[in-house]
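Okay, structure first, notes after.
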Amino acid sequence: MKRGFILSMVFVAGFVLASGVGTTPAKAETKFVTIGTGGITGVYYPTGGAIARIVNNKRDVYGIRATVEATGGSVFNVNAVMSGDLDFGVVQSDRQYEAVNGLAEWKELGPQKDLRAVFAIHPESITLVAADDADINTLQDLKGKQVNIGNPGSGQRQNSIDALANAGIDFEKDLTAHGVKAAEAPGLLQDGRIDAFFYTVGHPSGAIQEATAGRRKVHFVPITGVEKLLEEHPYYAKATIPVKLYPSATNTEDVETFGVKATFVTSAKVPDEVVYAVTKEVFENFDEFKELHPAYAVLTKENMLEGLSAPIHPGAFKYYQEAGLDKHIADELKPKQ
Ligand code: GLU
């Protein structure tokens, strides 16, 4: 009884403190914003962390506290930003295009009219990792194998299906398709439970390092003959995986494949001042931002405005105008004034 009383007093005192009664009121209310990323061994997770860190440095100025969430990836992030569960998300450029146009995963839901682009980030490549002992040297060799194509909610799932279909392979019939998250795939490959996995990711990434550094020897499988795929999907471009980033992979040469870009998105419902602050801090601290991950080495302020399909959020656009960067934005993506 006595113990219960003390506990409830502590509770009341805590409540009084938390509600600000009897204390000096805080200067301004803190705005919490959440950023959806991907698995913790991908590049989206540290990317969300890099953006949050830069924004949180100016907490006194903006009163914004950004936090990062590990998620299932691009498709999950678009949907969570649209429902208001997340304020921002890292999303593949190809999924951004499909969402805004109501295609692929959004065929039934229709165009995601409130989706807004903020900026583009690092390049990502459709990366196929296979165990050396599974004799997989081309996409054709995946027939009859155990292959992780990506969890529903990830960006890579549709990329894997597209790559397979382009090679005449039906993922539902010609192989055993697994749908686990990218963070789990390296362990399954090392344990011999899958023969290969797809991951659409920037390089270097922790997941690929983990997959290549185990006892089971692994290599990247080139994805070639993609001309028709690139014609049909304007957001895909040829890409190369630099093998020097993964010294334990058994490839001796860089690997041909195709790729997309990571982009940063939000909703039309997120206030202009929040999106303005995030955009301004990333661009004004560009050199510091670039240092935060080796995948950002190729970034320029101009190429961070390429590869977007959703209209630019007015808060971001305000900054681009102030900084004279708006001339790099396609007219059809400029917000309607
Ligand atoms: N591209 C992946 C996806 O959209 C995530 C990659 C990462 O987390 O770096 O699901």
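What's the Kirkwood radius of region 155-260 in Å, using all Cα pairs?
Numbers: mean 1/r = 0.0686 Å⁻¹.
Value: 14.6 Å, from the Cα pair sum.
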field: Projected label distance in nm at residue 284 and residue 40, using a 7 Å step from Cα toward the beta-carbon
entry: 3.3
message: Regarding the chain, what's the average projected area of the Cα-atom convex hull, expressed in nm²?
response: 21.9
query: Among 92, 140, 190, whose mean-square fluctuation peaks in a Gaussian network model of the chain (Cα, cutoff 10 Å)?
result: 140
- prompt: With θ set to phi - 60° and the Karplus curve 6.51 cos²θ - 1.76 cosθ + 1.60, what are the ³J(HN,Hα) couplings of region 249-254 in order, to the nearest whole Hz, using x for Gly and Pro?
  reply: 5, 8, 5, 10, 10, 4
- prompt: What does the charge dipole of the chain about its Cα centre add up to, to the nearest 20 debye, if the Cβ of each Lys and Arg holds +1 and the Cβ of each Asp and Glu holds -1?
  reply: 1280
field: Extreme residue, positive dipole direction of the chain, given options 102, 139, 274 (C-beta unit charges)
entry: 274
field: Under-5 Å amide H pairs with residue 122, H placed in peptide plane, nonlocal only
entry: 262
query: When ranked by the protection proxy of mean other Cβ atoms within 10 Å per residue, highest first, what sequence do the peptides 329-336, 83-90 form?
result: 83-90, 329-336
message: Helix-only estimate, please: 222 nm mean residue ellipticity of the chain, summing -39500 (n - 2.57) across DSSP H runs of length 4 or more and dividing by its residues, to the nearest 500.
response: -9500 deg cm²/dmol
task: Pick out which of 293, 203, 122 has the largest mean-square fluctuation in a Gaussian network model of the chain, springs linking Cα atoms closer than 10 Å.
output: 293
task: Quote to one decimal, in nm, the extra length available between residue 231 and residue 60 on full extension: 0.36 nm per residue of separation minus the C-alpha distance between them.
output: 56.7 nm
task: Among 112, 75, 62, pick out the residue whose Cα is farthest towards the positive end of the charge dipole of region 51-112, where Lys and Arg carry +1 and Asp and Glu carry -1 on C-beta, about the Cα centre.
output: 62
- prompt: Expressed as a rounded percentage, what relative contact order does region 76-152 have, with Cα pairs under 8 Å and six or more residues apart?
  reply: 17
message: Running a GNM on the chain with Cα contacts under 10 Å, which residue among 273, 69, 98 ends up with the highest mean-square fluctuation?
response: 273
statement: Rounded to whole angstrom, the alpha-carbon centroid of region 187-228 lies from that of region 242-263 at a distance of 10
- prompt: So what is the relative contact order of the chain, in percent, for Cα pairs below 8 Å that sit 6 or more residues apart?
  reply: 21
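Just how large is the dipole of region 115-251 about the Cα centre, in debye to the nearest 20, putting +1 at every Lys and Arg Cβ and -1 at every Asp and Glu Cβ?
Values: 13 positive and 16 negative charges, 69 e Å.
So the dipole magnitude of region 115-251 works out to roughly 340 debye.
For the chain, give me the percentage of DSSP beta bridges that are antiparallel, rounded to the nearest 5 percent.
Working: 27 of 41 bridges.
Looking only at bridges with both residues in the chain, the antiparallel portion is about 65 percent.
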Separation of alpha-carbon centers, region 118-185 and region 273-319, rounded to whole Å: 30
statement: Note, region 303-311: 3J(HN,Hα) by Karplus (6.51, -1.76, 1.60, θ = phi - 60°), whole Hz, Gly/Pro = x, goes 6, 6, 10, 10, x, 9, 10, 7, x
task: Starting at the first residue of region 179-188, write each ³J(HN,Hα) from the Karplus equation 6.51 cos²θ - 1.76 cosθ + 1.60 with θ = phi - 60°, in whole Hz, x for Gly and Pro.
output: x, 8, 5, 4, 5, 8, 4, x, x, 5
statement: Ordering 213-219, 107-113 by per-residue average of other C-beta atoms within 10 angstrom, highest first, gives 213-219, 107-113
- line: The answer for residue 255, listing residues at least 5 apart or on another chain whose modeled amide H is closer than 5 Å to its amide H, is 241, 243
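Every number in this text was worked out from the coordinates using simple rules, so none of it is lab data. Bear in mind that the values here come from a model prediction, so they are computed numbers and not experimental data. Cβ sites come from the backbone with ideal geometry, for glycine too, and all protein chains shown count toward neighbours.
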